[in-house]
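What follows is a set of notes on a single structure, which appears directly below.
The values are calculated or read from the model by the stated rules, or taken from the named source; none is laboratory data. Quick caveat, the model's predicted, so the values are computed rather than measured. Virtual Cβ from ideal backbone geometry, glycine too; neighbours counted across all protein chains shown. Calculation scope for accessible area: heavy atoms of the full protein, side chains included, ligands and nucleic acids excluded. Shrake-Rupley method; radii C 1.70, N 1.55, O 1.52, S 1.80 Å.
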Amino acid sequence: MTGSPTEQASHVFGCLHGMVRTAALYPPMHAQTVKAKQTLHDALTAYLSSHGRLVYRFLGDVLVADDRILPRESLLYRQFLAVCQNERQIGSISFMVGVEPREVDALLEAVTEGVGGEPSSWTSRKGLTHVRLGPPVQPEQQSGEATARRAYYGSIDALRDIQATVRARSPLAVEQIGTLRVFTSTLLEQILQSPALVLRLASIKSYDEYTLYHSVNVAVISIGLGLVIGLPETLLREIAMAGMLHDVGKIAIPHEILRKPGPLDEEEWQVMRRHPVLGADLLSRLPGSNRLPMIVAFEHHIRFDMRGYPSVPTGWTQHPISRLACVADVFDAMTSRRAYKKAIPNTDVRGYVRDESGRTFDPRLVRVLDLMLGRLEEETPEEDARGRTA
């Protein structure tokens, strides 16, 4: 079996889903059903011979394979995941070396008819030794920093893929944005369970891939600000996506300007100031995309006093979420180490944000940032609040 372990795990799950779909069309002994079961068995045998074990976990809308989120498959097989958890009472499927054809038959029975109670009891009754089933995980048990961090780094991978596509001058696919949305939703769900994750996640930094990590951090901080305001979950999802994509226009800015180890000259600033327009244009061409990320990409540097960039007509009203993203953007940028500056401590950044209240920042959001940081720092160990590098 070729490809990375994640690609291989994706292929195996595709075979599992294909077997279920085939069984819905043909009787158990039909040649097509037999072939689909054999295809899954062959894929499992190949995977397990190299890796020894394969565990799929279903966490709501999210499919996890061996502790790595599969975003594309989470979207493709969303209905199947829901059926397994809600109707079949299956929350995980584990495979060990030595899976037998009869165990594949039993698995097909389980995912099409259910287990009628506790999955572990069912597997014992069936005499399965190389296939194990687990119960669905309840929402309150799904929270955890490990899941949040997997989603964080998955978001980095998704943004890196978007970056490569744009730089290759290829059109972005809806699926790429959908993948990012899966990770973003997972981050939001975990933060809703444990708001203190905002500071712990936003402390993850990367000197080498600043723009990507900064984008995820702005999404995380924006979620935190939205929680303090009391915004509904549906809007928080869009705010998080807007944070992820607010700097997408920087992909078109030359590396030598983005990574310059000193201040930009006026000509370089003219180029840099184009990134909001470039980002909004890129997002405007995505079919079926929500308009909020496009608006935030365009407006997040306009400032509360409208003296930022790009220039807009007199009487322009900046979107409230753009103002929120502006606070999150500056807070993360100032607390991050860059080629031309050291990271600034949180307390000093808070002082700067207060000083710029009414100029760069909406005074109401300055108070919200203070309130958020005050709450979260009480729940976050001191070493996490100071920040880490990755």
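Looking only at residues that are in a loop (DSSP other than H, G, I, E, B) and open to solvent by less than 40 Å² (accessible area, probe 1.4 Å) in the stretch 342-390, which one is modelled with the lowest pLDDT? So the residue we want is Gly387.
Tell me, which residue of the stretch 17-52 that is touching a Phe, Trp or Tyr at 6+ places or on another chain (Cβ under 9 Å) and in contact (Cβ under 8 Å) with a residue 60 or more places away in the chain is least open to solvent (accessible area, probe 1.4 Å)? Among those that are touching a Phe, Trp or Tyr at 6+ places or on another chain (Cβ under 9 Å) and in contact (Cβ under 8 Å) with a residue 60 or more places away in the chain, it is Leu44.
Hey, can you tell me all the residues within the stretch 50-76 that are within 13 Å of Ala9 (Cα to Cα) and either assigned to a loop (DSSP other than H, G, I, E, B) or more than 16 Å from the chain's Cα centre (by Cα) (or both)? Scanning the stretch 50-76 gives Ser50, His51, Gly52, Arg53, Leu54, Val55, Tyr56, Arg57, Asp66, Asp67, Leu70. Given the structure, is His11 open to solvent by 80 Å² or more (accessible area, probe 1.4 Å) and either of a type in the set (Phe, Trp, Tyr) or under 22 Å from Arg150 (Cα atoms) (or both)? Criteria met by His11.
Each row is one residue, and each column tells you yes or no for (1) modelled with pLDDT under 90; (2) of a type in the set (Gly, Ala, Ser).
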| residue | (1), (2) |
| --- | --- |
| Thr129 | no, no |
| Gly134 | no, yes |
| Glu140 | yes, no |
| Ala146 | yes, yes |
| Arg150 | yes, no |
| Ala158 | no, yes |
| Asp161 | no, no |
| Leu180 | no, no |
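For beta carbons closer than 6 Å, sequence separation of 6+ or different chains, a first residue in the stretch 314-329 that is open to solvent by less than 70 Å² (accessible area, probe 1.4 Å) and a second that is outside any helix (DSSP H, G or I) and of a type outside the set (Phe, Trp, Tyr), the qualifying pairs are Gln318/Ile302; Ser322/His300; Arg323/Asp362; Ala325/His246; Ala325/His300; Cys326/His300; Asp329/His300.
The set of residues in the stretch 336-375 that are of a type in the set (Val, Ile, Thr) and more than 19 Å from Ser222 (Cβ to Cβ) comprises Ile344, Thr347. Across the stretch 95-104, the number of residues qualifying as under 22 Å from Pro27 (Cβ atoms) and either surrounded by fewer than 14 Cβ atoms within 10 Å (Cβ to Cβ) or free of Cβ contacts under 8 Å to residues at least 60 places away in the same chain (or both) comes to 4. Count, please, the residues in the stretch 113-132 that happen to be out of contact with any helix residue (DSSP H, G or I) (no Cβ under 6 Å at 6 or more places or on another chain), open to solvent by 30 Å² or more (accessible area, probe 1.4 Å) and either of a type in the set (Val, Ile, Thr) or part of a loop (DSSP other than H, G, I, E, B) (or both). Qualifying residue count for the region: 5.
The helices (runs of 4 or more DSSP H) located wholly in the stretch 220-290 that include 3 or more residues which are among the hydrophobic types (A, V, I, L, M, F, W, C) and in contact with a Ser or Thr (Cβ under 7 Å, 6 or more places away or on another chain) occupy 233-245.
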